[in-house]
Amino acid sequence: MPETSVIFGTNEKWRINRNILVLGFAFMVQFTAFHGTANLQSSVNSDAGAGAFTLAAIYFSLILSNILLPTVIIKWLGCKWAVAVSFIAYMPFIAAQLYPRLYTLVPAGMMVGFGGGPLWCAKCTYLSVVAEPYAKLSGISAEVLVVRFFGLFYMFYQMAQVWGNLISSAVLSSSLGEEPRLLNETTPISAALYTNVTSASLVDVGATCGVNFCSATASHENVNLEPPSPFKIQVIAGVYLACMAFAIFLVAVGVDSLTRYTKGRKTTCTGKTGIALLAVTLKQLRHRYQLLLLPVIAYIGAEQAFMAADFTQAFIGCSYGISNIGYVMICFGVFNALAAPIAGALVKLTGRFPVMVTALLLNLCLITSLLAWTPRAGQGAPLFALAAVWGTADAVWLVQVNALSGILFPGSEEAAYANFRLWESTGSVLAYASAPYLCVRTRLYILLGFLLIGFSGYSTIEFMEYRVKKAHNQERNFELVHKKPEQEPLQS
């Protein structure tokens, strides 16, 4: 059946750019709310490990969602409305913060995961499809445009970490809902609590914070870990719900339906769903390269979970205060956003392996520092430095291993990326679910083991690829030498 030709006006390139900008801005607003809330879960909702279990529920349901839902939802609603409806699925997670109990948080977290699969698939499909008509209008190849569109989108998305944490920390560090005090009513004890440095329980935080932190132990005698007032949580939740409502409005009103650009084109983000996709994903595990990649993929999920759950609670919240978690995580987000393109440029100059070795060394120094460092009350500079290093290393792992999953399996990208999502989420689920039961020191040793095993698997792949390329070059050189004498008689 011949493809139906579509004639666009002279302003169509501007319209496509507008769609991408509005979509990226909507994701930034949406995930401003989500990231800001997620980073506080383990510290604010620490009773019975509710926050950690909620984050585990998000990633567990995301595994199921990625396998079962994207094709069905997108075929039913289309990409534009799949994004809008998926945004709605995130809202109960914010609303549950108004009444944070295990039986309200975990189901709300499950809804986030179920919305996440169709959301990210619809976003990828939209950006890929609109690149095709833009390519016809501009003369630039669709492959180049897809990279450009994704880069523009992620420029907006990475900023969500900054705005979300800025909002939460601004509210938590404010005096909203607090009773005003007169200067002559301030007692020495209360003054010590306000200065956050002279109270004995705060000065000696090293005994219970950092690597010595254990969630399962009795309540810590540390005012830094006291949950903020319910009023402040209500204000934060209200702002975040307004952000999500605005993001839904932006997509509904400001983004064109993809049917405008899909005449005669199939627009699902993947050809398989449910059992078929699961079968292809598991079949991919027969490939030795895929098996060697699994530990480093699981490490990526585990280290991100450690950052979101353990680092925020045991290091930042415990020694520096819950109200400062957002400020430190802003530093993480900025370095994470900057490191991704810089690492990509370095790979072109040095190759992938030296960049990955750099990430390994950064993580080894980071984990060693966390194991050896004794936090002190109010000491923020080391936390910002640790967050910066963590953001840099995380960007390298995430971008390069993701790209490697596509490079190593040409023709099987669908199964490769499905495995990446599956095992990254599995690493996160295991890390979040075990957080309430294991002390931070033990979890760091486990993380170190995952790092070394994961890098060993990755290094094995690089070595095997090097041997294949070397053998291929020797064969080509041998063929050239073998053919040369045959040409000599023609020269005499």
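Considering 88, 73, 67, which residue is within 27 Å of residue 238 (Cβ to Cβ) and of a type in the set (A, V, I, L, M)?
Details: 73 fails: within 27 Å of residue 238 (Cβ to Cβ); 67 fails: within 27 Å of residue 238 (Cβ to Cβ).
Selected residue: 88, the only one of 88, 73, 67 that is within 27 Å of residue 238 (Cβ to Cβ) and of a type in the set (A, V, I, L, M).
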Check your understanding: Out of (1) at pLDDT 90 or above; (2) touching a Phe, Trp or Tyr at 6+ places or on another chain (Cβ under 9 Å), the odd one out for residue 70 is which?
Key -> (1)
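Take region 288-313 and flag every residue that is farther than 26 Å from residue 47 by Cβ and surrounded by fewer than 24 Cβ atoms within 10 Å (Cβ to Cβ). Full working, then the answer.
First, pick out the residues of region 288-313 that are farther than 26 Å from residue 47 by Cβ: 288-300.
Correct list: 288, 289, 290, 291, 292, 294, 295, 298, 300.
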Check your understanding: Does residue 298 satisfy the criteria of being more than 21 Å from residue 151 (Cα to Cα), modelled with pLDDT under 90 and either out of contact with any strand residue (DSSP E or B) (no Cβ under 7 Å at 6 or more places or on another chain) or of a type in the set (S, T, N, Q) (or both)?
Key -> no
Exercise for review: Could you look through region 37-55, keep only residues that are in a helix (DSSP H, G or I) and in contact with a Gly (Cβ under 6 Å, 6 or more places away or on another chain), and pick out the one that is surrounded by the most Cβ atoms within 10 Å (Cβ to Cβ)?
Suggested key: 42
Practice item. Take residue 479 and decide whether it is over 20 Å from the mean Cα position of the chain (by Cα), assigned to a helix (DSSP H, G or I), among the charged types (D, E, K, R) and at pLDDT below 85. Key: yes
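Just checking, which of 438, 451, 430, 422 is touching a Phe, Trp or Tyr at 6+ places or on another chain (Cβ under 9 Å) and surrounded by 14 or more Cβ atoms within 10 Å (Cβ to Cβ)? Spell out how you get there, then give the answer.
Values: 438 fails: touching a Phe, Trp or Tyr at 6+ places or on another chain (Cβ under 9 Å); 430 fails: touching a Phe, Trp or Tyr at 6+ places or on another chain (Cβ under 9 Å); 422 fails: touching a Phe, Trp or Tyr at 6+ places or on another chain (Cβ under 9 Å).
Being touching a Phe, Trp or Tyr at 6+ places or on another chain (Cβ under 9 Å) and surrounded by 14 or more Cβ atoms within 10 Å (Cβ to Cβ) holds for just one of 438, 451, 430, 422, which is 451.
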Check your understanding: Regarding residue 204, is this residue at pLDDT 80 or above and of a type in the set (Asp, Glu)?
Key -> no
Review point. Can residue 403 be described as at pLDDT 85 or above and within 21 Å of residue 363 (Cβ to Cβ)?
Key: no
Study note, to complete from the structure: Filtering region 406-444 down to residues that are β-branched (Val, Ile, Thr) and either under 19 Å from residue 55 (Cα atoms) or at pLDDT below 80 (or both) yields 407, 426, 429, 440
Exercise for review: Looking only at region 430-452, decide whether some residue is over 30 Å from residue 110 (Cβ atoms), of a type in the set (S, T, N, Q) and part of a helix (DSSP H, G or I).
Suggested key: no
Exercise for review: Inspect all residues belonging to region 376-390 and state whether any of them is more than 15 Å from residue 307 (Cβ to Cβ), touching a Leu at 6+ places or on another chain (Cβ under 9 Å) and part of a helix (DSSP H, G or I).
Suggested key: no
Review point. Quick one: residue 325 ticks every box in (1) surrounded by fewer than 24 Cβ atoms within 10 Å (Cβ to Cβ); (2) assigned to a helix (DSSP H, G or I); (3) touching a residue at least 12 places away in the same chain (Cβ under 8 Å) bar one, so which box is it?
Key: (1)
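The values are calculated or read from the model by the stated rules, or taken from the named source; none is laboratory data. Predicted model only: the values in this text are computed from it and were never measured. Positions of Cβ are backbone-derived with ideal geometry, glycine not excepted, and every protein chain shown enters the neighbour counts.
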